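Peer 1: First the structure, then my questions, so here it is.
The values are calculated or read from the model by the stated rules, or taken from the named source; none is laboratory data. Fair warning: this is a prediction, and the values are worked out from it, not measured in the lab. All Cβ positions, glycine included, derive from the backbone under ideal geometry; neighbour counts span all protein chains shown. The protein model used for the area step is the full one, side chains on, heavy atoms only, and it has no ligands, DNA or RNA in it. Shrake-Rupley method; radii C 1.70, N 1.55, O 1.52, S 1.80 Å.
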Amino acid sequence: MASRVNSSFTLIPNQKYRRSNRRSSYSSNNLASDSQPVSTLGNFKALPLEIFQVILRYLSVKDISMLSMVSKTVSQHIINYISTSSGSKRLLLPDFHNLELPDRKQDSAILEYYRSLGLLFKRCTLLLPTKERLKYIHKILAEVSCFKFSGCAAPLQCLGLPCYGIFLQTLTAGWDELECHRVYNFLCELTDLPRKMQTVVCSKPGSARKLELRIRLFCRRVLLDHWTHRSDSAFWLTRILKPWPMVNQARLLYIIFGPVSPQDGQVVWQKMIEEATDEPSLKGLADAIKLLYDTGTKEWTADDIISLVDELSVVPREWLLENNARLLILSGNNICFTFMASKAVNGRAVELARLIVFLALVCEKELYCMDWAVKMMQKVCKVFSTPVERSNFLQSVANAFACVTVEMLQSIMSGDHDEDDRSFLNLYHLVQAQANFHKEVLYLTINTLST
């Protein structure tokens, strides 16, 4: 019995040992296979590099962009391919002028292509430091002359700068402000943009027309026009303006967003001081002012915006007051009121009264609601601290209507009017504006008394 027990004890461990031995043998085989290095090229490992690059030639930019995310090694191979002469020539569309498709469909297609190309460069350079990324991308894009500040002989008919802008917008989307600062500084060094801006802001307006046009096109088409979020547009516009004193900021704002000639696209400097202008001529300036005011960036206070509008109204010389009033209306209620309240606080009531007259005139001409002008005047009245000041201000408004009417009438009687009788029409609009303005004042008074 004892011998049977002993034999059982000797057999069972042997059986366990054999099962354990089979398991360890199986596990060791698995570990051996797992420990073998797996190529980050996957199935492409079996191909020579030349064949890999041949395959890339048959892929679209979007497909190459997706492929670049497979691994670091694949991404590096794609970078090497782009760096080759054949790779860069294939990816960079060289012609931005001979566009044949109707309805600007080809324009849209090329812009979308460079958006995809920007995404490709964003992905395949993801692991590089910002400075190295920019250097590499510049090395590739430097082959395209239309991407350069003065590289195209016909910039108004060229899609080069818009494509460059959409490329950069896609590349830098989602980057933090510090990295975007580096991008702007890199572009400034590349194009010598600060020195060019220094030239135009320190010269007589219009004396460097071609350079003004180049600065306008580069800033608009490369830095500002392609952002979907207003905060991004405000960031880049701030980078352009903030290094300069306020008077130069106003000059640059006019160069970038002011009215231009439909013939040659150059900035028209005399438009604001010689004749009443239309809404499209001022819309770009008004939108830029609203952009800086509404986004609430720490770098722009309300006082900064009001000072900028004040400086802008004397570029290159003092504007016609009607143009100033039109700009304020287009800039929105908040900016308009803040600007007018600033004048009230600083004791410029007579100047403010004349401005209200021209606000009413613009409302009449553009068929805006006249009660807006009356309510704006009512709101500004509350800025004055005493009843006497408010009374004097209202008297100044009444006097301003009379004075402006007499001035227009004297201009017509002296023979100083246009052949197309615009002066007569302007006087007619002013009389109508005065009547409608006072009608709204009466309505407001009666409604106040009845309540």
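Peer 1: Filtering the stretch 107-137 down to residues that are more than 22 Å from the chain's Cα centre (by Cα) and open to solvent by 50 Å² or more (accessible area, probe 1.4 Å), which residue is farthest from Leu223 (Cα to Cα)?
Peer 2: Checking each candidate, the answer is Leu127.
Here's the yes/no breakdown for (1) more than 22 Å from Val201 (Cβ to Cβ); (2) of a type in the set (Gly, Ala, Ser):
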site: Gly284; (1), (2): no, yes
site: Asp294; (1), (2): yes, no
site: Val309; (1), (2): no, no
site: Asn323; (1), (2): no, no
site: Gly332; (1), (2): yes, yes
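Peer 1: What are the pairs, 6+ residues apart or on separate chains, where a residue within the stretch 310-321 that is of a type in the set (A, V, I, L, M) has its Cβ under 7 Å from a residue that is modelled with pLDDT of 95 or more and open to solvent by 50 Å² or more (accessible area, probe 1.4 Å)?
Peer 2: As it stands, the answer is Leu321/Arg354, since those pairs meet every condition given.
Peer 1: Would you confirm whether any residue within the stretch 275-284 is farther than 21 Å from Glu212 by Cα, part of a helix (DSSP H, G or I), under 18 Å from the mean Cα position of the chain (by Cα) and of a type outside the set (Gly, Ala, Ser)?
Peer 2: no
Peer 1: Turning to a different aspect of this structure: Can you pull out the residues in the stretch 275-303 that are closer than 16 Å to Trp244 by Cβ and surrounded by fewer than 17 Cβ atoms within 10 Å (Cβ to Cβ)?
Peer 2: Glu299
Peer 1: Consider Arg221 carefully, then state whether it is farther than 26 Å from Asn98 by Cβ, of a type outside the set (A, V, I, L, M, F, W, C) and in contact with a helix residue (DSSP H, G or I) (Cβ under 6 Å, 6 or more places away or on another chain).
Peer 2: So Arg221 does not fit the description; no.
Peer 1: Out of the stretch 65-88, which residues are in a helix (DSSP H, G or I), surrounded by fewer than 14 Cβ atoms within 10 Å (Cβ to Cβ) and in contact (Cβ under 8 Å) with a residue 40 or more places away in the chain?
Peer 2: Those that are in a helix (DSSP H, G or I), surrounded by fewer than 14 Cβ atoms within 10 Å (Cβ to Cβ) and in contact (Cβ under 8 Å) with a residue 40 or more places away in the chain: Lys72, Ser83.
Peer 1: I've got another one for you. Which residue pairs have Cβ atoms under 8 Å apart, sit 6 or more places apart or on different chains, and have a first residue in the stretch 350-366 that is farther than 14 Å from Val397 by Cβ and a second that is of a type in the set (A, V, I, L, M, F, W, C) and not in a helix (DSSP H, G or I)?
Peer 2: Going by the 8 Å Cβ cut-off, the qualifying pairs are Cys363/Cys369.
Peer 1: Let me ask another. Among the residues that make up the stretch 209-216, is at least one of them over 25 Å from Asp304 (Cβ atoms), within 19 Å of the chain's Cα centre (by Cα) and free of Cβ contacts under 8 Å to residues at least 24 places away in the same chain? Outline the logic, then answer.
Peer 2: Residues of the stretch 209-216 over 25 Å from Asp304 (Cβ atoms): 209-211, 213-214.
Among the residues that remain, those that are also within 19 Å of the chain's Cα centre (by Cα) are: 213-214.
Narrowing the set further to residues that are free of Cβ contacts under 8 Å to residues at least 24 places away in the same chain leaves none.
The answer is no; no qualifying residue exists.
Peer 1: Let me ask another. Working only within the stretch 215-240, note down all residues that are buried (at least 22 other Cβ atoms within 10 Å of the Cβ) and among the basic types (Lys, Arg).
Peer 2: Hit for the stretch 215-240 is Arg216, nothing else.
Peer 1: Here's a follow-up. Tell me, please, whether a residue that is open to solvent by 10 Å² or more (accessible area, probe 1.4 Å), within 30 Å of Ser71 (Cβ to Cβ), at pLDDT 95 or above and not aliphatic (A, V, I, L, M) can be found in the stretch 147-167.
Peer 2: Yes; the residues of the stretch 147-167 include at least one that is open to solvent by 10 Å² or more (accessible area, probe 1.4 Å), within 30 Å of Ser71 (Cβ to Cβ), at pLDDT 95 or above and not aliphatic (A, V, I, L, M).
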